[in-house]
Amino acid sequence: MIKRLFSFVLLTGLGFVFYYALTNITASRELTGVSAEYAERGAAELGAANLVTAIVVTYRGLDTLGEVSVLFLAATGIAVLLRRKKGYVQARSEDKRGSSEILKTGTDFLVPIIVMFGVYIFMNGHLTPGGGFQGGAVVASAVMLQFLSNPSYRLNHTVFGFIESMSGFFYVSIGILGIVLAGGFLDNRILPLGNFGSILSAGAIPVIYTLIGLKVGTELAGILDNMRRDA
Amino acid sequence: MELQQGIFILMGVAMIVSSIVAMYVKDLVSSVIAVGVVSLFASILYLILQAPDVAMTEAAIGAGLSTLIFLYALKRTRDTEEEND
């Protein structure tokens, strides 16, 4: 009884707080403080047509590195918890029901296109919406489609692990190069800024986003593969 | 403007309904699918609100990958339950 009363009081209180917050909310019409600074100086300073990318990769690059390492830890944790037991998979994989012809044909047709779209997203991260995380997730969803249509499909873990660790290594190395050659950690001006709006512009942003895209894509594909296996 | 508001309300109601379905439906697979539907509507909403970056992430991870990961997890736990019986 006391417990119920307590939760009732708590919920009413929260309701009041949210109601108060919602009725008094005023969306700000102009940028203030640090966001105004970013919007004003970003394009001229970093040469990226997509301002979101300029902020995510350079001004807030350390946060992005943190996100990448969180994802890496999650993938590692899943790999440790669900590691393969030898000899079990082969026994099980034969009695699986194959997928339908529509799914198979659709997958064969769509997977290359989806991978290409993902690569396009992360390579054009400094020009168009999207970037390393989005592109990597799209690439991983192509792998997901492949898993769905072909249950006995195997990922080459050596190659995937190599790509993942190399891109992580080079990402941090570029960040450190920024300290040595330019203004600070993950500064993109270690490479020339180039023509505003062309594919090879915005300094190191395309390189960094390609590395992040490869890393995120291989990590998410690895998570899917570890979850999928019959342990 | 009117049409846009209508779409907002429609998407919001659809999200709330599918999250309630996800909570109360008995079958766990349907529940997982309902969670995926919430993400799908959310990504459309983000796109209308002109946040294509977030919409892409939500569609690929929320609606696609995490749904499948939940389904795999469900399958794994069921396999273990059968073994223990």
#### Entry: Positions within segment A:163-214 being more than 18 Å from the chain's Cα centre (by Cα) and among the aromatic types (Phe, Trp, Tyr), in sequence order
A:185, A:196
### Message
Quick test for you: out of B:55, B:34, B:42, B:59, pick the one residue that is in contact with an Asp or Glu (Cβ under 8 Å, 6 or more places away or on another chain) and within 30 Å of residue B:5 (Cα to Cα).
### Response
B:42
## Note on the structure
Of the candidates B:31, B:39, B:43, B:18, the one satisfying the condition of being under 28 Å from residue A:136 (Cα atoms), touching a Gly at 6+ places or on another chain (Cβ under 6 Å) and assigned to a helix (DSSP H, G or I) is B:39
### Message
Of the conditions (1) within 14 Å of chain A (Cβ to nearest Cβ); (2) within 30 Å of residue A:50 (Cβ to Cβ); (3) in contact with a Leu (Cβ under 8 Å, 6 or more places away or on another chain), residue B:32 satisfies every one except a single condition; which number is it?
### Response
(2)
### Query
Within segment A:121-159, restricting attention to residues that are more than 8 Å from every other protein chain (Cβ to nearest Cβ) and hydroxyl-bearing (Ser, Thr, Tyr), which residue is farthest from residue A:203 (Cα to Cα)?
A:152
### Members of segment A:96-117 found to be out of contact with any Lys or Arg (no Cβ under 9 Å at 6 or more places or on another chain) and not in a helix (DSSP H, G or I), listed by number
A:96, A:97, A:99, A:100
#### Entry: residue A:159 vs. criteria in a helix (DSSP H, G or I), free of Cβ contacts under 8 Å to residues at least 24 places away in the same chain and under 30 Å from residue B:67 (Cα atoms)
yes
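Throughout, read-outs are computed from the coordinates displayed, never taken from laboratory work. Given the structure is predicted, the values throughout are model-derived calculations rather than measurements. Ideal geometry is used to build each Cβ from the backbone, glycine not excepted, and the neighbour counts take in all protein chains shown.
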